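What follows is calculated from the coordinates using simple rules that are stated; it is not laboratory data. Values in this document were obtained by computation on a predicted structure and should not be read as measured data. Glycine gets a Cβ as well: all are built from the backbone with ideal geometry, and neighbour counts include every protein chain shown.
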Number of protein chains: 2
Amino acid sequence: MVELTKTAGVPVYVQIRETLRGEITQEILKPGEKLPSEHELASRFGVSRMTVRQSIAELIDEGLLYRRHGVGTFIALPHLERDHTRLTNSFDPAESKGNNTKPSLLSLEIIPAGPKVAKALYIKEDDLVIRIKILGCANNVPITVHDAHIPHKLFSHVIDKNLKVQDLWSLFEQCGYKVKRAIEHIEAREATKELAKLMKIKVGVPLLYKERTIYAKDGTPVEFTYCYNRGDIYSLTVSLER
Amino acid sequence: MVELTKTAGVPVYVQIRETLRGEITQEILKPGEKLPSEHELASRFGVSRMTVRQSIAELIDEGLLYRRHGVGTFIALPHLERDHTRLTNSFDPAESKGNNTKPSLLSLEIIPAGPKVAKALYIKEDDLVIRIKILGCANNVPITVHDAHIPHKLFSHVIDKNLKVQDLWSLFEQCGYKVKRAIEHIEAREATKELAKLMKIKVGVPLLYKERTIYAKDGTPVEFTYCYNRGDIYSLTVSLER
DNA sequence: GAGTGGTCTAGACCACCCG
DNA sequence: GGGTGGTCTAGACCACTCG
């Protein structure tokens, strides 16, 4: 039986999950190999089988493992196609192509939520939100302006410290909100005066306009962002399933 | 206590899940409302709490519900958003909202494929493709122009007969290609002179520009389409998973 | 038949949020 | 404090797959 270093406050199933994840990513458990049975893992870790299943569930969800009823649980084959149709943690997909991605902070403030933001974040109007404006560049060319809103309540205990604007995702995950999915509402719009100035383009040129809501695993909306992207440079690829 | 009609072979948690899903989609349970507590649901359905949690888990995963620790489980907001994140067989998603959707045929020709079309459809350059241009309107307002290309080889035996432009999908499916997924490449562009004329707008106004490839279940590309959509009317909602 | 995952129980204690 | 979800147990029986 493996002794888990029972870190205070960390659920057992998380510890088991991360142990397994480590063995998979370090290829101690190799792709295609069979995982020990749930029964075996349960006794090995000294927990009940349900707990083992809970540990495994998320790894299956992430595609690291797959199950075959009556056969076993296996390590999945490495993802060949990491297409850009998945939600990724670059500042923005299109920018990760260009190497010189440099997001810069335009403003950071704490304001009461307006109706649209409140609705998207499942909070009340006038509940506080942290508003972060970022200018994204690739190769020193301004390409995107993001106007992000995150619920103050969820993150109030860390905002004062070290808000790394460049990586909101790790902020979310530090606070226990595992980023799971996003819904994007997309339109084409003309550049306003303000945006034109920021992005050094003419007023009226086409922008790809997105309203994006990011959801955590438990369904909590953690971010609502207005995104403005230069239409002539920025493009977006999505995959739709029937 | 609600009696589940214990359909043979269907797990209890699936029955509960579908019961709840039904009440959500029929808006017996309204968006924003609180679901009964897990305890309550357990006794109401006469099952253990773990089973209730299993039922709820998938609905949360799908974004129909969300949880707040120490508060409750709630019905997520409007179905509008979710529904437009799937590939559907309307002439186009945004148009199915307006009732008066009237696609009209602009042109139909058989031409050799250019490099871009050929690459998208996995055929050789100069292989024949059927090119179909369609103007889409809602409430008599022109909203979209589609410039579709389908491989002549796959559909040559039916093209002469009764090509129903309005429903390419059924054409595909008649020929044994079950439509499965689409990949869309999205940009913002200015209206060209030709497009402006067709859509009765000014040259230069922002259009949502898409290049869409539709794939059948077996992976065959069956359609490649340039789509031009009025930016001020047309919008698009997509869902991204991590 | 032996081994696997799939489902389910009837509890328990904890952490969180609210008034 | 009272109610909620979060975690966990120590079993049970079933359905599936394989040899």
Sorted by Cβ density within 10 Å, fewest first, the residues A:LYS180, B:LYS200, B:LYS34, B:LYS119: B:LYS200, B:LYS34, B:LYS119, A:LYS180
Label 7 Å beyond Cα on the Cβ vector: A:GLU27 copy-to-copy distances, nm: 5.5
Amide proton proximity set for B:GLU223, modelled H, under 5 Å, gap of 5+: B:ILE214
Nonlocal amide H pairs with A:VAL129, under 5 Å, H built at 1.01 Å: A:ILE111, A:ALA113, A:HIS152
Per-residue Cβ neighbour rank within 10 angstrom, fewest leading, A:TYR13, B:TYR209: A:TYR13, B:TYR209
Phi-based couplings in Hz for segment B:58-73 (Karplus 6.51, -1.76, 1.60; Gly and Pro marked x): 6, 5, 5, 4, 7, x, 7, 10, 9, 10, 10, 4, x, 10, x, 10
Computed FRET value (nearest 0.05) for A:LYS202 with B:GLU23, which takes r as the C-beta separation and R₀ as 35 Å: 0.10
Cross-link pairs beyond the 25 Å C-alpha cut-off, checked among A:LYS119/A:LYS178; A:LYS210/B:LYS119; A:LYS202/B:LYS119; A:LYS116/A:LYS193; B:LYS153/B:LYS178: A:LYS210/B:LYS119; A:LYS202/B:LYS119
Copy-to-copy label separations for B:ARG44, where each label sits 7 Å from Cα toward Cβ, in nm and ascending: 4.1
Shielding by partners, peptide A:184-197 (average Cβ within 10 angstrom, other chains): 5
Pseudo-label separations to other copies for A:PRO11 - Cα-to-Cβ vector, 7 Å, nm: 1.8
Fewest-first ranking of A:GLU211, A:GLU190, B:GLU40, using other Cβ atoms within 10 Å as the exposure measure: B:GLU40, A:GLU211, A:GLU190
Amide H partners (placed H, <5 Å) of A:ALA76, local residues excluded: A:GLY32, A:LEU65, A:TYR66
Cβ-derived FRET efficiency at R0 25 Å, B:ASP127 paired with B:THR192, nearest 0.05: 0.40
Spin-label model distance (nm) - B:VAL14 vs A:GLU62, 7 Å beyond Cα toward Cβ: 2.9
